[in-house]
Amino acid sequence: MKKLALLVLSCTLMLMIAACSNEQTSIQETSKQEGTLANDTLTLSWPLDIGEVNPHLYAPNEMFAQALLYDPLVSYGDNGEITPALATEWEISDDGKSYLFTLREGVVYSDGSSLTAGNVKRNIEAVLQNMERHSWLEAVSIIEKVEVIDELKVKVDLKEAYYPFLQELTLIRPLRMLGDSGFPESGLTVEEIKAPIGTGPWVLTDYAKDSHAEFTRNENYWGEKPKIEKVILKVIPDSQARIMALEKGDIDLIFGSGQLAPVEYQNLEQNGTYQTLISGPLSTRVLAINSTVAPTNEKEVRLALHHAMDRETIVEHLLNGLEEEAHSLFSPGFPYSDIEVGQYKNNIEEAKRLLDQAGWKEVEGQPFRMKDNQVLQVTIPYRSTEQIHKGILEYLQSAWLEIGIDVKLQAEEPQIYTQKVRDGEFNLTFNDTWGVPYDPHMYIRTMIGENQLGNYAQSGTTISSEFVTTVEKVIRSTDENERQTLYEEILRGIHEEAMLIPISYRTNYLVANNSVKGLQFTPHQYEVPLSLFELEE
């Protein structure tokens, strides 16, 4: 009996030891998994909620989130080269009016369904059904029909030749592909989608409005998969709150020029605790001058404004040297933009001479010039939320007072500001370009669109009729040399008529903790290249 008891006790102890061992192993494995998960999860801040992430619509859908989930038929590569994406090759008819795309084999959506020519046709036609909303985009308005040739071939016919068609297919929205199960019951994506089903490198796996979003690596992605397993986005509207979150370790990354003021970026840079990085030029800060209303309908006044602005002061003291001075509308290196059109140097005496020539005279005892009992006054509305714009405009208010111009600044709520601009109720206002793949052709094209800022800039000048004809011609031209000549004519006209005032070339900047590796930018100012980042073990 005693031997039996010892045997039972021995077995019990062995079982307890085994159980403890298994439990310990389980704890260790759990810890390992949690550790792996923690090392594979990047957290970043974003100032706005990402929205529904409908690939066929605009705000409140955030562009960078749309780019994470959805793919285009073709991509915009270095130096403007069009490269394969969902389409591996394409043939263009001799008349430039038909495009035959061959789709990549084996591409699947995040729900496991396959990319097919029929699905591509459905996506393009869904966008065409919302034509009015997309009227700003020529690639949409010019499509005549879409035809399925076979399972992986789809043909798009245009109403007429349009050279930037492929370039506009690379845009983040609205011509990216949604899986069939993501379409609503109506089949229309005009107002909503059922689910964000894409072929992109990330899958939206968790979302809470105005709080957070979680993106998980798409293990079925057709291209090079992201190096990080998960990305968690925290919605943090305030820049000081973002900085505190970084300092507490609640986020790993702050990305984008709008998320930090220049001085905030530099304070973090000088702190020495974080990695900091500034991109090359991505777009251009521009002031548009309304040539349709007095007094900026006078060319001498527009030229005087140019000459009485010191870009060096703006860049060094207001932008803290984070951007380069811009003397041309598009940064050299953009397509058709390596064109010498001259510079208007900071020259107060020349500015005064031009105003005298136009009849705007200094009056003893008066701070502002006058003509025909009218004060020389310009109004500049701006979005009240744009702190950088406010700082630049306050500097210009002081600089232009020196030549006798009364500058009225009008801080407006975004909706009121937009309506004022559409109605042409301004003398000057900011009108930044959009960068690649929009620049230069889309910015130039909008200059002839009704109620567009650029249209107010050009339509009151003496060359307006000729300018419109040249713009219409350049976007239809199928000859590379002709396009180059026409763009030179357009950019020279913009400069000589002083329609726009380039200020600086905008950059993106980022701040990250030291565990984030592979930090870099792409040419697209609206993309966050999370797929290229890594986390240190």
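In whole angstrom, how far apart do the alpha carbon centroids of the stretch 490-518 and the stretch 125-203 sit?
29 Å
From the list [x] 24.5; [y] 30.9; [z] 32.8, can you say which value of mean projected area of the Cα convex hull in nm² was derived from the structure given?
Read-out from the structure maps to [z].
Only four residue types carry charge here, +1 at the Cβ of Lys and Arg and -1 at the Cβ of Asp and Glu. Report the dipole size of the chain about the Cα centre in Debye, rounded to the nearest 20.
1040 debye
Run the quick spin-label model on residue 468 and residue 271: label points 7 Å from Cα toward the beta carbon, then report their separation in nm to one decimal.
About 5.3 nm, to one decimal.
Using per-residue counts of other Cβ atoms within 10 Å, averaged over each peptide, order 363-374, 498-509, 198-209, 46-57 from highest down.
498-509, 46-57, 198-209, 363-374
Please list, or write none, the lysines whose alpha carbon is within less than 21 Å of the alpha carbon of residue 234, excluding same-chain residues fewer than 8 places away.
Leaving aside lysines fewer than 8 places away in the same chain, those within reach of residue 234 are 209, 248, 517.
Rounded to the nearest whole Å², what accessible area per residue is found for the chain with the 1.4 Å probe?
45 Å²
How much solvent-accessible surface does residue 149 expose, in Å² to the nearest 10, with a 1.4 Å probe and all protein chains in place?
Estimated to the nearest 10 Å², residue 149 gives 80 Å².
Packing-wise, with mean Cβ within 10 Å as the measure, how do 341-352, 439-450 rank, highest first?
Top of the packing list down: 439-450, 341-352.
Can you send over the carbon and sulfur percentage of the accessible area for the chain, probe radius 1.4 Å, protein chains only?
Answer for the chain is 48 percent, counting heavy atoms of protein chains only.
Kindly provide the trypsin sites (Lys or Arg not before Pro) of the stretch 98-195 that DSSP labels as loop, not H, G, I, E or B, and whose Cβ sees at most 12 other Cβ atoms within 10 Å.
Hits after loop and neighbour filter: 159.
In what sequence, highest mean first, do 78-89, 244-255 appear when ranked by Cβ atoms within 10 angstrom?
Going by the mean number of other Cβ atoms within 10 Å, highest first, we get 244-255, 78-89.
Take each complete run of DSSP H in the chain, measure how far its Cα atoms stretch along the helix's own axis, and keep only those covering 18 Å or more with mean Kyte-Doolittle hydropathy at least -0.5; list them.
2-39, 387-401
The values are calculated or read from the model by the stated rules, or taken from the named source; none is laboratory data. Here the structure is a predicted model, which is why all the values come from computation and not from measurement. A quick note on method: Cβ atoms are made from the backbone with ideal geometry, for glycine too, and the neighbour counts reach across all protein chains shown. Protein only, heavy atoms only, side chains kept; ligands, DNA and RNA dropped before computing areas. Shrake-Rupley method; radii C 1.70, N 1.55, O 1.52, S 1.80 Å.
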